[in-house]
Ligand code: G4P
């Protein structure tokens, strides 16, 4: 197969949602359609169990299993689909944000009962920043959820995205009868648990068959709904979807496999093939002949019997080949990979080659950090891989002065993996770790001891956010840093960071210092 055909065959995306909205269930249905799994429940068993929140080893064990499903590759109607999994557990939110840098589009699942939830908002911030195309799946229509129009309005308002309904639901909960597809003017009737949507072709909305199938009352409500939607939304413009301006919306019930195939069919028609990516040089296009890619995730196994790290590399251009020498840009070193593997659901296969859009798993002994770029000789970095402000901060107290070097090395390596962020007090030596969830601190403490022999105590600090500081006026920045000494730290790259005690403090400083910009994210390479 020709190289461009390989690229155009691929669609790389992620399903994202607030925990419990139905991401795992939807993933499973996709895989069933793609023939990648045979039975329902295969993915579900890999999901990090909700209840295992206090035992991080148990969570890590489950995460270890879920590495196999980190990338699920399946074929559907002549397309090769790479579905990247994102951890649902909120303590691993950073992992999810970074995975979003490796996809070309996303499917956002919203629970029709709960509407937009906290995690959804954060995820959408990342999506909007990158202008990633989004398809919305409103799930659990078999339950009594919010009114369909209220939901659409809530999503548009809360997530600052324009929606475009492709299907319209007929009732919800016990009275849920199905969905009407605005684009192909068909009616899919809901039968709980059926494998295929029961699709009825109707000539148009005036067709008496509609009344016969859903009843006169619901048929009339549907006619009004469609008139309203047509008036407000008009035709779906695929270009607007591709540029991240408009999100097509589907209604359904993942667990009942309803509305899923309808969405998957639209997805393969409109979702982007591998897209160009920006770098510190020019944009890299997938068709560029020379290979390039970047590491967006590193998974370390905590099980001492399997002390392996896997770096996840997204191929951006050219062809990745097993055993061929490539350049590790940050280390300025030639490297080759003898056992790279692909992730075909449930099993890891050594691969000979990979194309743009693919994700390759590389065994790593500590050579990689998040954001590393691998090329066929050129020197540049992929940009737009963000670091977000942590939400919990702790000071590292060295409990064993004989192991100072080990502690430092451990802190550097673990933060390279993206487990946490490391800050150093400005003008001092105090080391501060920032994470999104408590769980990470336990992981860090455990790994420092197990892998580096370093024993550290972690003391809570009263900060709630870190903001990266820049200013066009160096003098003003210097003054601010001097006055706010106790709240200033540096990140690993020496960038100045303001650690805020509370939202009130942060807003006050932002207001009082108009010449200083407070950034809520920082890019690994600019
Ligand atoms: P997540 O990955 O986003 O966290 O969600 P997941 O798919 O695990 O779904 C969360 C719960 O919602 C599951 O129930 C799942 O069965 C249910 N669910 C998913 N889609 C639908 C739907 O369309 N309608 C209804 N009514 N429920 C749905 P659970 O009780 O937590 O797990 P399980 O015991 O059913 O596996």
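Some observations on this one:
- Angle in degrees between helix 260-270 and the longest Cα principal axis of the chain, rounded to the nearest 10: 70 degrees
- Whole-number percent relative contact order across segment 386-523, with pairs defined as alpha carbons under 8 Å at least 6 apart: 32 percent
- Here the relative contact order of segment 292-375, from alpha carbon pairs under 8 Å that lie six or more residues apart, stands at 40 percent.
- Sorted peptide list for 423-430, 259-266, criterion being average Cβ within 10 angstrom, highest first: 259-266, 423-430
- Mean projected area of the convex hull spanned by the Cα atoms of segment 386-523, taken over all viewing directions: 8.0 nm².
- The angle between the Cα long axis of helix 56-66 and the longest principal axis of the Cα atoms of the chain comes to about 60 degrees, rounded to the nearest 10.
- FRET E, pair residue 118, residue 325, Förster distance 51 Å, beta-carbon r, rounded to 0.05: 0.65
- Degrees between helix 118-130 axis and first principal axis of the chain (Cα, 0 to 90, nearest 10): 80 degrees
- Proportion of all alpha-carbon pairs of the chain beyond 37 Å (%): 34 percent
- Mean Cβ neighbour count within 10 Å, used as a protection proxy, ranking 119-127, 16-24 highest first: 16-24, 119-127
- Segment 222-331: Cα Rg divided by the 2.2 N^0.38 Å rule of thumb: 1.62
- Isotropically averaged projected area of segment 219-286, using the convex hull of Cα atoms (one quarter of hull area), nm²: 7.1 nm²
- Projected-area average for segment 174-288 over all orientations - Cα convex hull basis, square nanometres: 9.8 nm²
- Measuring how big segment 451-517 is from its alpha-carbon positions, Rg and Dmax come out at 14.2, 46 Å.
- For the listed peptides 359-368, 103-112, a ranking on the average number of other beta carbons within 10 Å per residue, highest first, reads 103-112, 359-368.
- Sites residue 75 and residue 201 - FRET efficiency at Förster radius 41 Å, r taken between beta-carbons, to 0.05: 0.90
- Beta bridges per DSSP with both ends in the chain, % antiparallel, nearest 5: 80 percent
- Normalised contact order of the chain, rounded percent, pairs of Cα under 8 Å and 6 or more residues apart: 13 percent
- C-alpha center-to-center spacing [segment 165-235, segment 469-526] in angstrom: 53 Å
- Cα shape, segment 292-375, gyration tensor, a/c 1.5 rule: oblate
Computed from the coordinates by the stated procedures, all read-outs in this text should not be read as laboratory data. Computed from a predicted model, the values in this text were never measured in an experiment. All Cβ positions, glycine included, derive from the backbone under ideal geometry; neighbour counts span all protein chains shown.
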